[in-house]
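Notes follow the structure.
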Amino acid sequence: MRAARALIGLSQAELARRAGVSIPTIKRCESDSQRTAVVSAETQNKIRAVLEAVGVEFTNGNHPGVRLLRL
């Protein structure tokens, strides 16, 4: 999610506001340590929906990542 947010130039605060979650929640989602990044699937879906609404596509397969669909 950090890469997706950076791709579109959103701050953690702005993403949190748009998704209706707290900034610490965004920080947990973006944490490198999976042991501490406990965020519900519902919350992850809210954040993902915001990112997808502005043109981010989450890719899967052998090389997971993100790309921008539209500007």
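The values are calculated or read from the model by the stated rules, or taken from the named source; none is laboratory data. Just so we're clear, the structure is a prediction, and the values are computed from it rather than from any experiment. As a convention, Cβ positions derive from the backbone with ideal geometry for all residues, glycine included, and neighbour counts pool all protein chains shown. Protein only, heavy atoms only, side chains kept; ligands, DNA and RNA dropped before computing areas. Shrake-Rupley method; radii C 1.70, N 1.55, O 1.52, S 1.80 Å.
For this structure, a couple of remarks:
- Total residues in region 17-38, condition of a type outside the set (S, T, N, Q), part of a loop (DSSP other than H, G, I, E, B) and surrounded by fewer than 18 Cβ atoms within 10 Å (Cβ to Cβ): 5
- Number of the exception - GLU14 against (1) of a type in the set (D, E, K, R); (2) open to solvent by 30 Å² or more (accessible area, probe 1.4 Å); (3) modelled with pLDDT under 95: (3)
- Restricting region 55-71 to residues that are open to solvent by 50 Å² or more (accessible area, probe 1.4 Å) and part of a loop (DSSP other than H, G, I, E, B) leaves a set whose member that is modelled with the lowest pLDDT is LEU71.
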